[in-house]
1. Taking the range 164-194 only, how many residues are surrounded by 14 or more Cβ atoms within 10 Å (Cβ to Cβ) and either farther than 30 Å from Leu122 by Cβ or among the hydrophobic types (A, V, I, L, M, F, W, C) (or both)?
2. Being of a type in the set (Gly, Ala, Ser) and within 18 Å of Ala28 (Cβ to Cβ) is the filter; apply it to the range 38-71 and report the residue that is nearest to the chain's Cα centre (by Cα).
3. Of these, Lys105, Lys43, which one is out of contact with any Ser or Thr (no Cβ under 8 Å at 6 or more places or on another chain), of a type in the set (D, E, K, R), more than 25 Å from Leu131 (Cβ to Cβ) and without any contact (Cβ under 8 Å) to a residue 40 or more places away in the chain?
4. Give the residues of the range 145-157 that are of a type outside the set (S, T, N, Q) and either assigned to a helix (DSSP H, G or I) or at pLDDT 85 or above (or both), sorted by residue number.
5. Having 2 or more residues that are touching a Leu at 6+ places or on another chain (Cβ under 8 Å) and closer than 26 Å to Leu114 by Cβ is the bar; report the helices (runs of 4 or more DSSP H) wholly within the range 1-98 that clear it.
6. Would you mind finding the one in Gln73, Gln147, Gln88 that is over 30 Å from Ser35 (Cβ atoms) and out of contact with any Phe, Trp or Tyr (no Cβ under 6 Å at 6 or more places or on another chain)?
7. Of the residues Thr139, Thr201, Thr160, which single one is surrounded by 11 or more Cβ atoms within 10 Å (Cβ to Cβ), of a type outside the set (Lys, Arg), in the same structural domain as His49 (by TED's automatic domain parsing) and not in a helix (DSSP H, G or I)?
Amino acid sequence: MVGADIFQFKDKQYLIVVDYYSRFFEVAKLTSTTSEGVIEHCKSIFARHGIPERFRSDNGPQFALDSFRRFAQEWGFSHETSSPNFPQSNGEAERAVRTIKTLLKKSGDPYIALTAYRSAPLANGFSPTELLMGRRIRTTVPVSQSQLMPQNIDTGKLRTAENNYRQKQRQKYNHRHRAHSMSLLHPGEKVWVTDLQTRGTVVSGVGSPRSYIIKTPRGMLRRNSYHLSHSPRATETSVVPPETAVVPHETLPEENIHNSTHTTVPDEDQQEASHQTPPPEGRVSLSRRPPAYLYDYICS
């Protein structure tokens, strides 16, 4: 399987096609961003490396026209598209775009940079050229002739290293984002589309994994399960504040006030407290007291 993407660098358009198995990618400068121009470069790449069984891309206009569908049928490969607003589903192509942009920025000769990348070992211990061609390629770095001879790749060792690397990456991502696995969605199930903040109903699944067609008030759309939630949410929620019991202040009867002959003079603290604004109704009043280090001072 290969992944493709179109990116822009210094006001120029490029097409990148990456092999998911070896991470070996080809880059072509586009003089025309039409579907016919993209097809011509794809034909050139397939003529050098062979026709893939699966071709994955985004939903760009170059890959969505009937001309590209006919090209896929004539050359005998299946064309898969990633879910809208979810470029992670074509992750190898997105990662290759970041790599090639870094190479183009930091290198004076992009072809030397491509040669160095293709001959550098990956996390699994093999370089992209070793995985694709079964041998190393000669670069500007001196090596012995014996290292350039064709060699057989230990597929068991490669598979073990690849699985361990992917497992570590998956654990780090899930731990950092607190992610958990989501069960499959079925037609007729009610969902909540998080990026559009609207309700929807699952119509059917798409050929790509975890991609679904959703019916919403805005129409039919396609989304990855990353943007879907099992539980529907209400668009408007009215929050009723809990009733707070107001404790009335204890007062004396009027007759006791008139009959009382004893008059007390409130001290300064009581006068200051009496001038404070009473708390609004419905809220619990909290007693305020100055910190301990201000007890020896008179604060206004």
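1. From the range 164-194, those surrounded by 14 or more Cβ atoms within 10 Å (Cβ to Cβ) are 165, 185, 189, 191-193; that's our starting set.
Checking which are either farther than 30 Å from Leu122 by Cβ or among the hydrophobic types (A, V, I, L, M, F, W, C) (or both) leaves us with 185, 189, 191-193.
Total satisfying the criteria: 5.
2. To start, the set of residues in the range 38-71 that are of a type in the set (Gly, Ala, Ser) comprises 44, 47, 50, 57, 60, 64, 67.
If we keep only those that are within 18 Å of Ala28 (Cβ to Cβ) as well, we get 44, 47, 50, 57, 60, 67.
On the way: Ser44: 33, Ala47: 34, Gly50: 32, Ser57: 17, Gly60: 19, Ser67: 31 Å.
Applying the filter and picking the extreme gives Ser57.
3. Working: Lys43 fails: more than 25 Å from Leu131 (Cβ to Cβ).
Answer to the selection: Lys105.
4. Start the filter on the range 145-157 by keeping residues that are of a type outside the set (S, T, N, Q), which leaves 148-150, 153-154, 156-157.
Selection gives Leu148, Met149, Pro150, Gly156, Lys157.
5. Numbers: elements: 35-49, 61-64, 66-75.
Output list reads 35-49.
6. Values: Gln73 fails: over 30 Å from Ser35 (Cβ atoms); Gln88 fails: over 30 Å from Ser35 (Cβ atoms).
After ruling out the rest, the residue left standing is Gln147.
7. On the way: Thr201 fails: in the same structural domain as His49 (by TED's automatic domain parsing); Thr160 fails: not in a helix (DSSP H, G or I).
One residue alone meets the criteria, Thr139.
The values are calculated or read from the model by the stated rules, or taken from the named source; none is laboratory data. Please read these numbers as outputs of a predicted model, since none were measured by experiment. Heads up, the Cβs are rebuilt from the backbone with ideal geometry, glycines too, and the neighbour counts pull from every protein chain shown.
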